[in-house]
Amino acid sequence: MTLPTAYWAPVSYFDCLTDNDIEIEVCESFEKQTFRNRCLITDLQGRLTRLSIPLKKVEHKQLTRDIQISYQSAWQHQHWMALRSAYEHTPFFLYYADLIRPLYEQPTKWLIDLNDNLTQIALAIIERRIEPNGHIHNPRTLNHTCEWQGLTWTDQHEWQTQTSILDRLMQEGA
């Protein structure tokens, strides 16, 4: 099975990643308004926040691997403040914040690279590969493929109503 790239994907996405030998599809035509650049987080009061990474203009049938992030707005700061606001009082925020925050402090040109880095952090937490000094021990490599066959994870899962893996990680840990 192949999965599309995802920005802080839901738990069901990570269930697929941890249970199977999965590859990330990078040669599909990029679909706008999907979890490829969006996520849904929930704070302790149950309020939902939708986060969306702004992208440079997407051409018709542009491949996912060619999608660039736009920095015309301060989206990184806004997203980090939203994450901090939603999770700073959760049991595990202090443990994971230093792993996540650097990716919101430096620009990343390609959407696929940012999503891969965030996914690797989530997998490291899930698979308990975090060293006491906060470094990721033996990070999992995410394999990319260009063998898209028309069926994606989104065809089988109702991702739009599912909250990000961050909700579980910050409230329950690994």
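In the stretch 39-64, which residue that is over 15 Å from Arg84 (Cβ atoms), modelled with pLDDT of 90 or more and of a type in the set (A, V, I, L, M) is surrounded by the fewest Cβ atoms within 10 Å (Cβ to Cβ)?
Filtering first and then ranking leaves Leu48.
Can you tell me which of Glu88, Glu131, Glu31 is modelled with pLDDT of 90 or more and among the charged types (D, E, K, R)? Walk me through it before giving the result.
On the way: Glu131 fails: modelled with pLDDT of 90 or more; Glu31 fails: modelled with pLDDT of 90 or more.
So the residue among Glu88, Glu131, Glu31 that is modelled with pLDDT of 90 or more and among the charged types (D, E, K, R) is Glu88.
Looking only at residues that are more than 24 Å from Ile53 (Cα to Cα) and without any contact (Cβ under 8 Å) to a residue 12 or more places away in the chain in the stretch 113-148, which one is surrounded by the most Cβ atoms within 10 Å (Cβ to Cβ)?
The residue in question is Arg129.
Quick one: in the stretch 66-112, of everything that is among the charged types (D, E, K, R) and surrounded by 14 or more Cβ atoms within 10 Å (Cβ to Cβ), which residue is farthest from Val26 (Cα to Cα)?
Arg84
Just the residues that are in contact (Cβ under 8 Å) with a residue 24 or more places away in the chain and over 23 Å from Gln76 (Cα atoms), please, taken from the stretch 27-57.
Across the stretch 27-57, the qualifying residues are Cys27, Glu28, Ser29.
Within the stretch 25-46, track down each residue that is in contact with a Leu (Cβ under 8 Å, 6 or more places away or on another chain) and not in a strand (DSSP E or B).
Correct list: Val26, Cys27, Glu28, Phe30, Arg36, Asn37.
Give the stretch 2-24 a look and list any residue that's under 26 Å from Arg101 (Cα atoms) and either part of a loop (DSSP other than H, G, I, E, B) or of a type in the set (Ser, Thr, Tyr) (or both), or say none.
Across the stretch 2-24, the qualifying residues are Thr5, Ala6, Tyr7, Trp8, Ala9, Ser12, Tyr13, Thr18.
The values are calculated or read from the model by the stated rules, or taken from the named source; none is laboratory data. Since the model is a prediction, treat every value here as computed from it, not as a measurement. Note that each Cβ is placed from the backbone with ideal geometry, even for glycine, and that neighbours are counted across all protein chains shown.
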